[in-house]
Amino acid sequence: MRKAFSEQSRIVEQAAGRLRVAYDVGQLHDLRVAMRRLRSLLKQHGKRRARRWRRIWGSFARVTGRARDWDVFLEAADALLEPSQRSAFRAASLSRVQAAHDAVRAMLQSAAWERHLDEWQAYAAAASRYHRHAGRNRRSRASISVHTLKPALVRANRALAGALALPDDSGWHPFRIAVKELRYQADRLADGTGRPPEPQAVIATCKEFQAQLGGWHDCVVQLQLLDELQPAAGANDPLLRELRDRIEALRRERLAGIREALARQYLLQPPKGVNG
């Protein structure tokens, strides 16, 4: 646990330092992933202070979310639009993109962020010492892996059941989050214990679903961002209308891909009686 806290905290500090100098899409991605992994680690503690830290990390992560959404949208629009249309779309979205980037840098340059990192380092060191001391009297790592992965797998399958039961696609987001959490836990336990469910098998399955679900979620967010651009551009703007049609088609395609992926594997299965 100490090593995991230390590694993810180091990534956070490095990415934040570089973003303070100049905004960079890759560094924002690294920052967000490290913050998510820290929140996942904290979930294993189950204590009041750990829950408080999860909320704090979550509040900082939310500031970065809008910047990430626009970064991904600009990349997607470049792939979907003709070269002559790309500059027009970037011009239409420029003010919103810049505001999102500025919000990230302002957060990372704030006194609140610096204070947060100082307090976090103290907490992480204390939590790691406690975890190491408590671990001396616990069962073996192989046994822990079974009992740690199973609840996350149950949560993922329950979320899958909810997604399949709804008439629209709103239930796929909770499933996406549950798969991500399952993947993070499996990553920490990928030590080849050979006991079911094996972490490596879980990781492989989660990777496929993360790609499919991530693509679907990006489409949903991009349709929402288009709604923001629509009033200024006009309801019948041909560029935005064309982009919306293409993103909507991608959304349906990726939902079909999720259902196909479900049929190819055995690990993630809804409880009996839930039909897709």
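The values are calculated or read from the model by the stated rules, or taken from the named source; none is laboratory data. Bear in mind the structure is a predicted one, so any value in this text is a computation, not a measurement. Don't worry about glycine lacking a Cβ; one is built from the backbone with ideal geometry, like all the others, and counts go over all protein chains shown.
For the reader, a short list of remarks on this structure follows.
- Looking only at region 171-182, residues that are without any contact (Cβ under 8 Å) to a residue 40 or more places away in the chain and β-branched (Val, Ile, Thr) come to 1 in all.
- Of all residues in region 179-202, those satisfying the criterion of being modelled with pLDDT under 95, in contact with a Leu (Cβ under 9 Å, 6 or more places away or on another chain) and of a type in the set (A, V, I, L, M) are Leu182, Ala186, Leu189, Ala201, Val202.
- The one condition in (1) closer than 18 Å to Ala112 by Cα; (2) in contact with a Gly (Cβ under 7 Å, 6 or more places away or on another chain) that Arg39 fails to fulfil: (1)
- Close pairs (6 angstrom Cβ cut-off, 6 or more residues apart or separate chains): assigned by TED's automatic domain parsing to the domain that holds Trp216 in region 144-170, exposed (fewer than 14 other Cβ atoms within 10 Å of the Cβ) and modelled with pLDDT under 95 anywhere: Val146/Arg195; Ala161/Pro271; Leu164/Gly276
- Of the candidates Val25, Val12, the single residue that is modelled with pLDDT of 95 or more, β-branched (Val, Ile, Thr) and in contact with an Asp or Glu (Cβ under 6 Å, 6 or more places away or on another chain) is Val25.
- Taking (1) at pLDDT 95 or above; (2) surrounded by fewer than 18 Cβ atoms within 10 Å (Cβ to Cβ); (3) within 30 Å of Arg246 (Cα to Cα) in turn, Phe73 satisfies each apart from (2).
- Matching residues, region 96-117, being of a type outside the set (A, V, I, L, M, F, W, C), more than 22 Å from the chain's Cα centre (by Cα) and more than 15 Å from Tyr23 (Cβ to Cβ): Ser110, Glu114, Arg115
- Residue within region 80-94 that is closer than 18 Å to Asp24 by Cβ, surrounded by 17 or more Cβ atoms within 10 Å (Cβ to Cβ) and either among the hydroxyl-bearing types (Ser, Thr, Tyr) or out of contact with any Ser or Thr (no Cβ under 6 Å at 6 or more places or on another chain) (or both) present: no
- Selected residue [closer than 30 Å to Gln44 by Cα and at pLDDT 95 or above] from Arg138, Arg68, Arg132, Arg96: Arg68
- Annotation: Ala249 fulfils all but one of (1) within 30 Å of Phe5 (Cα to Cα); (2) at pLDDT 95 or above; (3) among the small types (Gly, Ala, Ser); the unmet one is (1).
- Tabulated pairs, region 18-35, first under 15 Å from Val72 (Cβ atoms), second among the acidic types (Asp, Glu), C-beta under 8 angstrom, 6+ apart or interchain: Val25/Asp71; Leu28/Asp71
- Only one of Arg52, Arg18, Arg32 that is part of a helix (DSSP H, G or I) and surrounded by fewer than 13 Cβ atoms within 10 Å (Cβ to Cβ): Arg52
- Hey, Val21 β-branched (Val, Ile, Thr), outside the structural domain of Gln224 (by TED's automatic domain parsing), farther than 28 Å from Leu240 by Cβ and over 21 Å from the mean Cα position of the chain (by Cα) or not: yes
- Test: residue in region 46-55 that is closer than 23 Å to Asp218 by Cα and either over 13 Å from the mean Cα position of the chain (by Cα) or charged (D, E, K, R) (or both): no
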